[in-house]
Amino acid sequence: MAVPSTSDDSIYLSSGTWSLMGIERLIPDCSEVSQRHNFTNEGGYHYRYRYLKNIMGMWIMQNLRKEFRHDYTFEELYQLAHIGRYFASTVDVNDAAFLAPQSMRAALQEYCGRTGQETPETERFQRLTADAFQKGWHERNGGNLTYRVPAEEVEAVKGSLHEVRAWQPIGNTVPGLAGEYFLVTGSGKYMRNVELAPEENAALIQVDAAGENYGIVWGLVGGGRPTSELPTHLAAHELKKEMTNGTNRIIYHAHPTNLIALTFVLPLEDKAFTRELWEMATEDPVIFPEGIGVVPWMVPGGKEIADASVKLMEKYRVVVWAHHGLFVCGDDFDEAFGLMDTVEKAAMICVKVLSMGGKKQTIPREGFVQLAKDFHIALNMDLLD
(Lines give C-alpha, C1' and ligand atoms only; values in the text may rest on other atoms or scores of the structure.)
Protein backbone atom coordinates (compact mmCIF):
# COMPACT_ATOMS: atom_id res chain seq x y z
CA MET A 1 0.00 0.00 0.00
CA ALA A 2 1.03 3.62 -0.36
CA VAL A 3 1.68 6.05 2.51
CA PRO A 4 -0.04 8.39 3.28
CA SER A 5 -3.19 6.30 3.46
CA THR A 6 -6.84 7.21 3.17
CA SER A 7 -7.70 4.65 5.85
CA ASP A 8 -7.19 5.07 9.59
CA ASP A 9 -6.95 1.34 10.37
CA SER A 10 -4.25 0.25 7.91
CA ILE A 11 -0.71 -1.00 8.55
CA TYR A 12 2.11 -0.50 6.09
CA LEU A 13 5.19 -2.65 5.41
CA SER A 14 8.14 -1.40 3.35
CA SER A 15 10.87 -3.98 2.67
CA GLY A 16 14.51 -3.65 1.58
CA THR A 17 17.76 -4.20 3.47
CA TRP A 18 15.60 -3.45 6.51
CA SER A 19 11.83 -3.57 6.67
CA LEU A 20 9.67 -0.81 8.13
CA MET A 21 6.32 -1.75 9.67
CA GLY A 22 3.96 0.78 11.12
CA ILE A 23 0.91 3.02 10.96
CA GLU A 24 0.17 6.68 10.32
CA ARG A 25 -0.73 8.98 13.22
CA LEU A 26 -1.80 12.56 13.54
CA ILE A 27 0.25 12.95 16.72
CA PRO A 28 3.55 11.19 17.71
CA ASP A 29 3.69 8.48 20.37
CA CYS A 30 6.70 9.17 22.59
CA SER A 31 5.67 6.99 25.50
CA GLU A 32 8.04 4.81 27.50
CA VAL A 33 6.34 1.74 26.07
CA SER A 34 7.16 2.89 22.54
CA GLN A 35 10.76 3.54 23.51
CA ARG A 36 11.05 0.18 25.22
CA HIS A 37 9.87 -1.60 22.06
CA ASN A 38 12.02 0.54 19.74
CA PHE A 39 9.17 2.29 17.93
CA THR A 40 10.00 5.64 16.34
CA ASN A 41 8.09 8.60 14.98
CA GLU A 42 9.05 9.99 11.59
CA GLY A 43 7.58 13.13 10.10
CA GLY A 44 5.46 12.53 7.02
CA TYR A 45 3.23 14.20 4.51
CA HIS A 46 0.75 16.87 5.62
CA TYR A 47 1.99 17.02 9.22
CA ARG A 48 1.30 13.35 9.82
CA TYR A 49 3.65 10.89 11.57
CA ARG A 50 4.80 7.46 10.53
CA TYR A 51 4.82 5.46 13.74
CA LEU A 52 7.07 2.52 12.88
CA LYS A 53 9.49 -0.18 13.91
CA ASN A 54 12.55 -1.42 12.02
CA ILE A 55 12.41 -5.17 11.48
CA MET A 56 14.61 -7.55 9.54
CA GLY A 57 14.58 -7.37 5.75
CA MET A 58 17.28 -8.66 3.40
CA TRP A 59 20.11 -7.73 5.80
CA ILE A 60 21.02 -11.28 6.83
CA MET A 61 20.83 -12.58 3.26
CA GLN A 62 22.92 -9.68 1.93
CA ASN A 63 25.62 -10.26 4.54
CA LEU A 64 25.74 -13.97 3.80
CA ARG A 65 25.99 -13.27 0.09
CA LYS A 66 28.92 -10.93 0.77
CA GLU A 67 30.68 -13.62 2.82
CA PHE A 68 30.13 -16.05 -0.06
CA ARG A 69 32.09 -13.59 -2.24
CA HIS A 70 28.96 -12.83 -4.31
CA ASP A 71 29.46 -16.14 -6.12
CA TYR A 72 25.72 -16.82 -5.94
CA THR A 73 22.67 -14.86 -7.02
CA PHE A 74 19.71 -14.38 -4.66
CA GLU A 75 17.79 -16.93 -6.70
CA GLU A 76 20.58 -19.51 -6.27
CA LEU A 77 20.68 -18.86 -2.52
CA TYR A 78 16.92 -19.40 -2.37
CA GLN A 79 17.29 -22.71 -4.20
CA LEU A 80 20.07 -23.81 -1.83
CA ALA A 81 17.96 -22.77 1.16
CA HIS A 82 15.18 -24.99 -0.18
CA ILE A 83 17.66 -27.87 -0.35
CA GLY A 84 18.66 -27.07 3.23
CA ARG A 85 15.08 -27.26 4.49
CA TYR A 86 16.00 -30.53 6.23
CA PHE A 87 18.11 -28.54 8.69
CA ALA A 88 15.87 -28.23 11.73
CA SER A 89 17.22 -25.16 13.56
CA THR A 90 15.39 -21.82 13.36
CA VAL A 91 16.46 -18.32 14.34
CA ASP A 92 14.75 -15.12 15.44
CA VAL A 93 15.94 -12.80 12.68
CA ASN A 94 15.26 -9.78 14.89
CA ASP A 95 17.69 -10.92 17.57
CA ALA A 96 20.31 -8.28 18.42
CA ALA A 97 23.08 -10.74 17.48
CA PHE A 98 22.31 -10.14 13.79
CA LEU A 99 22.40 -6.34 13.81
CA ALA A 100 26.12 -5.79 13.09
CA PRO A 101 28.16 -9.00 13.52
CA GLN A 102 31.68 -9.32 12.14
CA SER A 103 30.53 -12.55 10.49
CA MET A 104 26.87 -13.32 9.86
CA ARG A 105 27.69 -17.01 9.41
CA ALA A 106 29.38 -17.10 12.82
CA ALA A 107 26.49 -15.17 14.37
CA LEU A 108 23.98 -17.71 13.08
CA GLN A 109 26.06 -20.59 14.43
CA GLU A 110 26.47 -18.89 17.81
CA TYR A 111 22.72 -18.26 18.02
CA CYS A 112 21.95 -21.93 17.37
CA GLY A 113 24.35 -22.98 20.10
CA ARG A 114 23.05 -20.37 22.56
CA THR A 115 19.44 -21.44 22.07
CA GLY A 116 20.20 -25.15 22.44
CA GLN A 117 19.60 -26.02 18.79
CA GLU A 118 21.64 -28.00 16.33
CA THR A 119 24.70 -25.98 15.34
CA PRO A 120 26.25 -26.47 11.90
CA GLU A 121 29.42 -28.45 12.70
CA THR A 122 30.68 -28.64 9.15
CA GLU A 123 32.25 -25.16 9.16
CA ARG A 124 35.91 -26.21 8.97
CA PHE A 125 35.10 -28.85 6.38
CA GLN A 126 33.21 -26.29 4.31
CA ARG A 127 35.95 -23.68 4.65
CA LEU A 128 38.57 -26.03 3.23
CA THR A 129 36.43 -26.95 0.24
CA ALA A 130 35.64 -23.29 -0.47
CA ASP A 131 39.25 -22.11 -0.13
CA ALA A 132 40.52 -24.99 -2.24
CA PHE A 133 38.01 -24.24 -4.99
CA GLN A 134 39.20 -20.64 -5.04
CA LYS A 135 42.75 -21.93 -5.42
CA GLY A 136 41.73 -23.72 -8.62
CA TRP A 137 42.43 -27.21 -7.31
CA HIS A 138 38.94 -28.57 -8.02
CA GLU A 139 37.65 -28.35 -11.56
CA ARG A 140 34.03 -29.41 -11.89
CA ASN A 141 33.55 -32.32 -9.44
CA GLY A 142 37.27 -33.12 -9.06
CA GLY A 143 38.83 -33.94 -5.70
CA ASN A 144 37.51 -35.25 -2.39
CA LEU A 145 37.85 -34.78 1.36
CA THR A 146 37.21 -36.99 4.37
CA TYR A 147 37.25 -36.18 8.08
CA ARG A 148 37.24 -38.80 10.84
CA VAL A 149 34.79 -37.21 13.25
CA PRO A 150 35.53 -37.34 17.00
CA ALA A 151 32.96 -39.14 19.12
CA GLU A 152 32.03 -35.97 21.03
CA GLU A 153 31.19 -34.14 17.78
CA VAL A 154 28.99 -37.03 16.65
CA GLU A 155 27.25 -37.04 20.01
CA ALA A 156 26.57 -33.29 19.75
CA VAL A 157 24.54 -33.76 16.55
CA LYS A 158 22.98 -37.14 17.30
CA GLY A 159 19.51 -35.58 17.28
CA SER A 160 19.78 -34.69 13.59
CA LEU A 161 21.11 -38.07 12.42
CA HIS A 162 18.99 -40.91 11.10
CA GLU A 163 19.52 -44.65 11.22
CA VAL A 164 21.48 -46.36 8.47
CA ARG A 165 18.92 -47.26 5.82
CA ALA A 166 21.18 -49.41 3.67
CA TRP A 167 24.71 -50.70 4.15
CA GLN A 168 26.98 -50.48 1.12
CA PRO A 169 30.35 -52.22 0.54
CA ILE A 170 33.40 -50.00 1.01
CA GLY A 171 35.48 -51.84 -1.57
CA ASN A 172 38.10 -52.99 0.91
CA THR A 173 38.19 -54.00 4.57
CA VAL A 174 39.18 -51.55 7.35
CA PRO A 175 38.58 -53.28 10.70
CA GLY A 176 40.59 -50.58 12.47
CA LEU A 177 37.80 -48.11 11.66
CA ALA A 178 34.87 -50.21 12.90
CA GLY A 179 32.14 -47.96 14.26
CA GLU A 180 33.89 -44.75 13.23
CA TYR A 181 32.08 -41.82 11.62
CA PHE A 182 33.39 -39.83 8.64
CA LEU A 183 32.29 -36.60 7.04
CA VAL A 184 32.87 -37.10 3.30
CA THR A 185 32.28 -35.25 0.05
CA GLY A 186 29.88 -36.86 -2.40
CA SER A 187 30.70 -38.54 -5.68
CA GLY A 188 30.01 -36.23 -8.61
CA LYS A 189 29.45 -33.26 -6.29
CA TYR A 190 31.14 -29.91 -6.82
CA MET A 191 33.51 -28.65 -4.13
CA ARG A 192 32.21 -25.11 -4.69
CA ASN A 193 28.74 -26.19 -3.51
CA VAL A 194 29.77 -27.88 -0.26
CA GLU A 195 30.04 -24.53 1.52
CA LEU A 196 26.48 -23.48 0.76
CA ALA A 197 24.63 -26.79 0.86
CA PRO A 198 26.61 -29.37 2.83
CA GLU A 199 23.60 -31.66 3.31
CA GLU A 200 23.22 -31.89 -0.47
CA ASN A 201 26.90 -32.34 -1.36
CA ALA A 202 28.40 -34.19 1.60
CA ALA A 203 27.48 -37.01 3.95
CA LEU A 204 28.20 -38.33 7.40
CA ILE A 205 28.82 -42.06 7.15
CA GLN A 206 29.36 -44.80 9.70
CA VAL A 207 31.58 -47.85 9.20
CA ASP A 208 30.03 -51.14 10.32
CA ALA A 209 31.40 -53.44 13.02
CA ALA A 210 33.30 -55.58 10.49
CA GLY A 211 34.90 -52.64 8.70
CA GLU A 212 33.49 -53.85 5.39
CA ASN A 213 30.48 -51.60 4.77
CA TYR A 214 29.38 -48.02 5.30
CA GLY A 215 26.00 -46.44 5.88
CA ILE A 216 24.84 -42.84 5.50
CA VAL A 217 23.37 -41.23 8.64
CA TRP A 218 23.18 -37.63 7.39
CA GLY A 219 23.48 -35.71 4.13
CA LEU A 220 23.26 -36.36 0.39
CA VAL A 221 19.58 -35.52 0.75
CA GLY A 222 19.09 -35.31 -3.00
CA GLY A 223 20.55 -38.77 -3.52
CA GLY A 224 24.05 -39.98 -4.33
CA ARG A 225 26.93 -41.78 -2.68
CA PRO A 226 30.24 -40.84 -1.04
CA THR A 227 33.33 -40.09 -3.11
CA SER A 228 34.46 -42.82 -5.50
CA GLU A 229 37.87 -42.64 -3.78
CA LEU A 230 36.38 -43.87 -0.50
CA PRO A 231 38.44 -47.13 -0.54
CA THR A 232 41.70 -45.13 -0.67
CA HIS A 233 40.54 -42.61 1.92
CA LEU A 234 39.43 -45.18 4.48
CA ALA A 235 42.49 -47.38 3.96
CA ALA A 236 44.67 -44.31 4.54
CA HIS A 237 42.64 -43.33 7.61
CA GLU A 238 43.06 -46.77 9.11
CA LEU A 239 46.82 -46.64 8.61
CA LYS A 240 47.30 -43.09 9.85
CA LYS A 241 45.02 -43.64 12.85
CA GLU A 242 47.30 -46.45 13.98
CA MET A 243 50.55 -44.64 13.12
CA THR A 244 49.60 -41.39 14.92
CA ASN A 245 47.76 -42.90 17.87
CA GLY A 246 44.54 -41.41 16.54
CA THR A 247 45.66 -37.80 16.01
CA ASN A 248 45.43 -37.85 12.18
CA ARG A 249 41.86 -37.10 11.09
CA ILE A 250 42.06 -35.62 7.57
CA ILE A 251 42.69 -37.25 4.19
CA TYR A 252 42.47 -34.80 1.31
CA HIS A 253 42.76 -35.28 -2.46
CA ALA A 254 42.98 -32.42 -4.98
CA HIS A 255 44.07 -31.69 -8.54
CA PRO A 256 46.69 -28.92 -8.25
CA THR A 257 47.70 -27.81 -11.74
CA ASN A 258 51.46 -27.38 -11.44
CA LEU A 259 51.97 -30.60 -9.49
CA ILE A 260 50.10 -32.57 -12.15
CA ALA A 261 52.16 -30.89 -14.89
CA LEU A 262 55.39 -32.04 -13.26
CA THR A 263 54.29 -35.68 -13.43
CA PHE A 264 54.75 -35.43 -17.21
CA VAL A 265 58.36 -34.22 -17.07
CA LEU A 266 59.95 -35.45 -13.82
CA PRO A 267 60.89 -39.09 -13.18
CA LEU A 268 58.04 -40.80 -11.35
CA GLU A 269 60.28 -41.66 -8.40
CA ASP A 270 60.05 -40.61 -4.76
CA LYS A 271 63.62 -39.35 -4.61
CA ALA A 272 63.53 -37.35 -7.84
CA PHE A 273 60.23 -35.67 -7.02
CA THR A 274 61.17 -34.91 -3.42
CA ARG A 275 64.59 -33.46 -4.15
CA GLU A 276 63.26 -31.27 -6.96
CA LEU A 277 60.52 -29.78 -4.78
CA TRP A 278 62.73 -29.46 -1.68
CA GLU A 279 65.03 -27.24 -3.70
CA MET A 280 62.26 -24.84 -4.72
CA ALA A 281 61.99 -23.02 -1.38
CA THR A 282 63.88 -23.14 1.91
CA GLU A 283 60.69 -23.89 3.86
CA ASP A 284 59.79 -26.97 1.82
CA PRO A 285 62.06 -29.54 3.52
CA VAL A 286 60.86 -28.14 6.86
CA ILE A 287 57.18 -28.56 5.93
CA PHE A 288 57.47 -32.06 4.42
CA PRO A 289 60.81 -33.42 5.72
CA GLU A 290 59.83 -37.06 5.17
CA GLY A 291 59.52 -36.41 1.44
CA ILE A 292 56.95 -37.25 -1.23
CA GLY A 293 55.77 -40.62 -2.50
CA VAL A 294 54.81 -41.18 -6.13
CA VAL A 295 52.22 -43.64 -7.44
CA PRO A 296 52.50 -44.32 -11.19
CA TRP A 297 49.34 -43.82 -13.21
CA MET A 298 46.54 -46.23 -12.30
CA VAL A 299 42.79 -46.25 -12.79
CA PRO A 300 41.39 -44.39 -9.75
CA GLY A 301 38.69 -45.60 -7.39
CA GLY A 302 39.80 -49.20 -6.93
CA LYS A 303 41.71 -51.42 -4.52
CA GLU A 304 44.94 -51.45 -6.57
CA ILE A 305 45.54 -47.71 -6.33
CA ALA A 306 44.35 -47.70 -2.72
CA ASP A 307 46.90 -50.38 -1.75
CA ALA A 308 49.72 -48.60 -3.61
CA SER A 309 48.87 -45.28 -1.95
CA VAL A 310 48.61 -46.71 1.56
CA LYS A 311 51.95 -48.47 1.19
CA LEU A 312 53.58 -45.11 0.45
CA MET A 313 51.67 -43.43 3.29
CA GLU A 314 53.58 -45.67 5.67
CA LYS A 315 56.50 -43.30 4.98
CA TYR A 316 54.94 -40.08 3.67
CA ARG A 317 52.13 -37.61 4.35
CA VAL A 318 52.19 -36.50 0.72
CA VAL A 319 51.51 -38.91 -2.14
CA VAL A 320 51.43 -37.97 -5.84
CA TRP A 321 49.10 -39.72 -8.23
CA ALA A 322 50.82 -39.39 -11.61
CA HIS A 323 48.83 -37.41 -14.21
CA HIS A 324 45.99 -37.10 -11.70
CA GLY A 325 46.56 -35.23 -8.45
CA LEU A 326 47.83 -35.24 -4.90
CA PHE A 327 46.85 -36.88 -1.60
CA VAL A 328 47.80 -35.37 1.77
CA CYS A 329 47.18 -36.33 5.40
CA GLY A 330 46.78 -34.06 8.42
CA ASP A 331 45.78 -33.93 12.06
CA ASP A 332 43.43 -31.05 11.28
CA PHE A 333 42.06 -29.06 8.35
CA ASP A 334 44.71 -26.34 8.54
CA GLU A 335 47.56 -28.84 8.42
CA ALA A 336 46.11 -30.71 5.45
CA PHE A 337 45.32 -27.53 3.50
CA GLY A 338 48.71 -26.02 4.32
CA LEU A 339 50.52 -29.13 3.16
CA MET A 340 48.64 -29.16 -0.14
CA ASP A 341 49.29 -25.44 -0.61
CA THR A 342 53.01 -25.74 0.14
CA VAL A 343 53.58 -28.63 -2.26
CA GLU A 344 51.65 -26.92 -5.05
CA LYS A 345 53.59 -23.68 -4.56
CA ALA A 346 56.86 -25.63 -4.79
CA ALA A 347 55.56 -27.22 -7.99
CA MET A 348 54.60 -23.81 -9.39
CA ILE A 349 58.13 -22.49 -8.74
CA CYS A 350 59.57 -25.60 -10.36
CA VAL A 351 57.42 -25.12 -13.47
CA LYS A 352 58.59 -21.51 -13.72
CA VAL A 353 62.25 -22.52 -13.28
CA LEU A 354 61.95 -25.17 -15.98
CA SER A 355 60.26 -22.67 -18.32
CA MET A 356 63.20 -20.30 -17.87
CA GLY A 357 65.74 -22.88 -18.94
CA GLY A 358 66.32 -24.78 -15.71
CA LYS A 359 68.35 -24.18 -12.55
CA LYS A 360 71.63 -22.29 -12.62
CA GLN A 361 72.15 -22.70 -8.87
CA THR A 362 70.28 -24.35 -6.01
CA ILE A 363 70.38 -25.26 -2.32
CA PRO A 364 73.42 -27.54 -1.77
CA ARG A 365 73.28 -30.83 0.10
CA GLU A 366 75.09 -29.37 3.11
CA GLY A 367 72.44 -26.65 3.22
CA PHE A 368 69.71 -29.23 3.75
CA VAL A 369 71.76 -30.88 6.49
CA GLN A 370 72.16 -27.54 8.26
CA LEU A 371 68.43 -26.83 7.92
CA ALA A 372 67.60 -30.15 9.54
CA LYS A 373 69.98 -29.40 12.41
CA ASP A 374 68.83 -25.83 13.05
CA PHE A 375 65.10 -26.56 12.74
CA HIS A 376 65.31 -29.88 14.61
CA ILE A 377 63.58 -31.86 11.87
CA ALA A 378 64.07 -35.49 10.88
CA LEU A 379 64.96 -34.97 7.23
CA ASN A 380 64.72 -38.14 5.14
CA MET A 381 68.40 -38.49 4.27
CA ASP A 382 67.69 -41.45 1.97
CA LEU A 383 66.08 -38.99 -0.45
CA LEU A 384 68.93 -36.52 -0.17
CA ASP A 385 71.86 -38.72 -1.14
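The values are calculated or read from the model by the stated rules, or taken from the named source; none is laboratory data. As the structure is a computational prediction, the values presented were derived from the model and not from experiment. We place every Cβ from the backbone using ideal geometry, glycine too, and count neighbours over all the protein chains shown.
Here are the numbers for the structure shown:
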| item | result |
| --- | --- |
| Within region 22-61, considering residues that are among the charged types (D, E, K, R) and surrounded by 14 or more Cβ atoms within 10 Å (Cβ to Cβ), the one nearest to Ala97 (Cα to Cα) | Lys53 |
| Residue check, Leu234 within 21 Å of the chain's Cα centre (by Cα), farther than 26 Å from Glu67 by Cβ and in a helix (DSSP H, G or I) | yes |
| Selection from region 311-368 of residues that are farther than 22 Å from Gln126 by Cβ, crowded, with 22+ Cβ neighbours inside 10 Å and in contact with a Ser or Thr (Cβ under 8 Å, 6 or more places away or on another chain) | Val319, Val320, Trp321 |
| Selection from region 276-287 of residues that are in a helix (DSSP H, G or I) and out of contact with any Lys or Arg (no Cβ under 9 Å at 6 or more places or on another chain) | Glu276, Leu277, Trp278, Pro285, Val286, Ile287 |
| Identity of the residue in region 85-131, of a type in the set (Ser, Thr, Tyr) and outside any loop (DSSP other than H, G, I, E, B), that ends up modelled with the lowest pLDDT | Tyr86 |
| Hey, Lys373 of a type in the set (D, E, K, R), assigned by TED's automatic domain parsing to the domain that holds Pro285 and in contact with a helix residue (DSSP H, G or I) (Cβ under 8 Å, 6 or more places away or on another chain) or not | no |
| Given (1) modelled with pLDDT under 80; (2) assigned to a loop (DSSP other than H, G, I, E, B); (3) closer than 24 Å to Glu110 by Cα, index of the condition Asp9 fails | (3) |
| Pairs, first over 30 Å from Leu77 (Cβ atoms) in region 200-215, second surrounded by 17 or more Cβ atoms within 10 Å (Cβ to Cβ) and among the hydrophobic types (A, V, I, L, M, F, W, C), C-beta under 6 Å, six or more apart | Gln206/Val217; Val207/Leu177; Gly211/Val174; Gly211/Leu177; Tyr214/Ile170; Tyr214/Ile205; Tyr214/Val207 |
| In region 186-231, the residues that are part of a loop (DSSP other than H, G, I, E, B) and either of a type in the set (A, V, I, L, M) or buried (at least 21 other Cβ atoms within 10 Å of the Cβ) (or both) | Lys189, Glu195, Leu196, Ala197, Ala209, Ala210, Leu220, Val221, Thr227, Glu229 |
| Restricting region 163-185 to residues that are closer than 30 Å to Gln117 by Cβ and over 23 Å from the mean Cα position of the chain (by Cα), the residue that is surrounded by the most Cβ atoms within 10 Å (Cβ to Cβ) | Val164 |
| Meets criteria (among the small types (Gly, Ala, Ser) and in the same structural domain as Gln370 (by TED's automatic domain parsing)) for Gly293 | yes |
| Candidates Phe273, Phe264, filtered to the one that is touching a residue at least 24 places away in the same chain (Cβ under 8 Å), assigned by TED's automatic domain parsing to the domain that holds Thr362, part of a loop (DSSP other than H, G, I, E, B) and not acidic (Asp, Glu) | Phe264 |
| Residues satisfying the stated conditions in region 371-382, i.e. exposed (fewer than 11 other Cβ atoms within 10 Å of the Cβ) and either assigned to a helix (DSSP H, G or I) or not aliphatic (A, V, I, L, M) (or both) | Lys373, Asp374, His376 |
| Residues of region 358-370 classified as in a helix (DSSP H, G or I) and either under 36 Å from the mean Cα position of the chain (by Cα) or not assigned by TED's automatic domain parsing to the domain that holds Leu266 (or both), total | 1 |
| Residue count, region 170-225 (criterion: farther than 27 Å from Glu242 by Cβ and aliphatic (A, V, I, L, M)) | 6 |
